[in-house]
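> Questions regarding the structure given below will be posed in turn.
The values are calculated or read from the model by the stated rules, or taken from the named source; none is laboratory data. Predicted, not measured: the structure shown is a model, and the values here were computed from it. Quick reminder, even Gly has a Cβ in these numbers, built from the backbone with ideal geometry, and neighbours come from all protein chains shown. Only protein heavy atoms, including side chains, enter the accessible area calculation; ligands, DNA and RNA are left aside. Shrake-Rupley method; radii C 1.70, N 1.55, O 1.52, S 1.80 Å.
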Amino acid sequence: MQAPKRRTRAGSDDPHRKRAGKRGRGAALSRDGIAEAALALVDAEGVDALSFRRLGQELGCEAMSLYHYFPGKVHLIDAVIDRAFGALVVPPSGGDWLERLRRLAWNYRAMALKHPRLYPLMAVHRLNTRAGVAKLDEIIGVFRDAGFGDAEAARLFREVGYYLTGAALDETAGYAKGPSAAAPVSQAEIAASFPNLAAAAPFFKPQHFEETFSAGLELLLEGIARLKR
């Protein structure tokens, strides 16, 4: 039998909205469980929706109960980012180092696309919690394990990071979703007067994102591979 639809706070049905996970009223709280519910809430509604009061409603407890685990919202945000970023799979050492780096890049993209409402914050958030530092250390290790010196590994870490962050931001928050000019140029005028943009525009659509990411990544990896020759 199909479960009844949940109601929004305004009282209307919203079949597309994912809930942060009603775990059963009175279920035992834990730091990990709270962070998981908070991440689910952010994934469903965005960072602005996250509050202790709202999270308490999702978990079936008083908001004050959550302060025992997280002193403030900033600590909760840290835990949410740690949970998302910490799930990034860094391929184990051994084998072809270039393939390892390729897999890491695709894994990073998948992580960002899994959490599109969180990623824009994650992209500019300092990953300096213990979990964040550990993951950064692991990623830099991919370059050092490949035989790059400390300075070169640091530079490559930054260069690959520029590409991945830019691509992930474009795919999650995106230029097309940004604020518009007050008087934008019409599509008809673009077609008539700006032929280069008009020709390129169809390939800016989401169905081309993966192909574009792949092509750009391979260009980047080819350049990195040349450093080892």
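> Is at least one residue of region 94-102 open to solvent by less than 50 Å² (accessible area, probe 1.4 Å) and farther than 25 Å from Leu221 by Cα? First the steps, then the outcome.
We begin by selecting, within region 94-102, every residue open to solvent by less than 50 Å² (accessible area, probe 1.4 Å); these are 98, 100-101.
Adding the requirement that they be farther than 25 Å from Leu221 by Cα leaves none.
The answer is no, given that none of the residues of region 94-102 is open to solvent by less than 50 Å² (accessible area, probe 1.4 Å) and farther than 25 Å from Leu221 by Cα.
> May I pose another question? Is it the case that Ala201 is part of a helix (DSSP H, G or I), open to solvent by less than 60 Å² (accessible area, probe 1.4 Å) and either among the small types (Gly, Ala, Ser) or within 17 Å of Leu101 (Cα to Cα) (or both)?
Details: part of a helix (DSSP H, G or I): yes; open to solvent by less than 60 Å² (accessible area, probe 1.4 Å): yes; either among the small types (Gly, Ala, Ser) or within 17 Å of Leu101 (Cα to Cα) (or both): yes.
The answer is yes for Ala201.
> Looking only at region 41-82, count how many residues are open to solvent by 20 Å² or more (accessible area, probe 1.4 Å) and in a loop (DSSP other than H, G, I, E, B).
Residues meeting the conditions: 8.
> Write out, first by first residue and then by second, each pair whose Cβ atoms fall under 7 Å of each other, whose residues are 6+ apart or on separate chains, and whose first residue, in region 33-59, is without any contact (Cβ under 8 Å) to a residue 24 or more places away in the chain and over 16 Å from Asp82 (Cβ atoms) while the second is open to solvent by 40 Å² or more (accessible area, probe 1.4 Å) and not acidic (Asp, Glu).
Pairs that qualify, where the first residue is without any contact (Cβ under 8 Å) to a residue 24 or more places away in the chain and over 16 Å from Asp82 (Cβ atoms) and the partner is open to solvent by 40 Å² or more (accessible area, probe 1.4 Å) and not acidic (Asp, Glu), are Gly56/Ser65.
> In addition: For region 164-174, state whether one or more residues are within 20 Å of Pro91 (Cβ to Cβ) and not hydrophobic (A, V, I, L, M, F, W, C). If you could, list the steps in order and put the result at the bottom.
If we filter region 164-174 for residues that are within 20 Å of Pro91 (Cβ to Cβ), which is where we start, we get 164-165, 167-168.
In the following step, the residues that additionally are not hydrophobic (A, V, I, L, M, F, W, C) were identified as 165.
Yes: region 164-174 contains one or more residues that are within 20 Å of Pro91 (Cβ to Cβ) and not hydrophobic (A, V, I, L, M, F, W, C).
> Please verify whether region 190-210 includes one or more residues that are under 24 Å from the mean Cα position of the chain (by Cα) and small (Gly, Ala, Ser).
Checked region 190-210: no residue is under 24 Å from the mean Cα position of the chain (by Cα) and small (Gly, Ala, Ser).
> Does any residue of region 205-221 turn out to be at positive phi and open to solvent by less than 40 Å² (accessible area, probe 1.4 Å)?
We begin by selecting, within region 205-221, every residue at positive phi; these are none.
No.
> Consider only pairs whose beta carbons are under 6 Å apart and that are at least six residues apart or on different chains; among these, list those whose first residue lies in region 162-177 and is over 16 Å from Arg117 (Cβ atoms) and whose second residue is open to solvent by 40 Å² or more (accessible area, probe 1.4 Å).
What qualifies is Tyr163/Leu220.
> Those residues that are in a helix (DSSP H, G or I) and open to solvent by 90 Å² or more (accessible area, probe 1.4 Å), I need them from region 172-194; list them, please. Steps first, answer last, please.
The first filter runs over region 172-194 and keeps only residues in a helix (DSSP H, G or I), leaving 172, 175-177, 187-193.
Answer for region 172-194, where residues must be in a helix (DSSP H, G or I) and open to solvent by 90 Å² or more (accessible area, probe 1.4 Å): Tyr175, Ala176, Lys177, Gln187.
> Just a yes or no: is a residue in region 157-171 among the hydrophobic types (A, V, I, L, M, F, W, C) and surrounded by fewer than 16 Cβ atoms within 10 Å (Cβ to Cβ)?
No, region 157-171 contains no residue that is among the hydrophobic types (A, V, I, L, M, F, W, C) and surrounded by fewer than 16 Cβ atoms within 10 Å (Cβ to Cβ).
Residue-wise test of (1) in a loop (DSSP other than H, G, I, E, B); (2) out of contact with any Asp or Glu (no Cβ under 9 Å at 6 or more places or on another chain).
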{"position": "Gly94", "(1), (2)": "yes, no"}
{"position": "Arg103", "(1), (2)": "no, yes"}
{"position": "Trp106", "(1), (2)": "no, yes"}
{"position": "Met122", "(1), (2)": "no, yes"}
{"position": "Ala134", "(1), (2)": "no, yes"}
{"position": "Arg144", "(1), (2)": "no, no"}
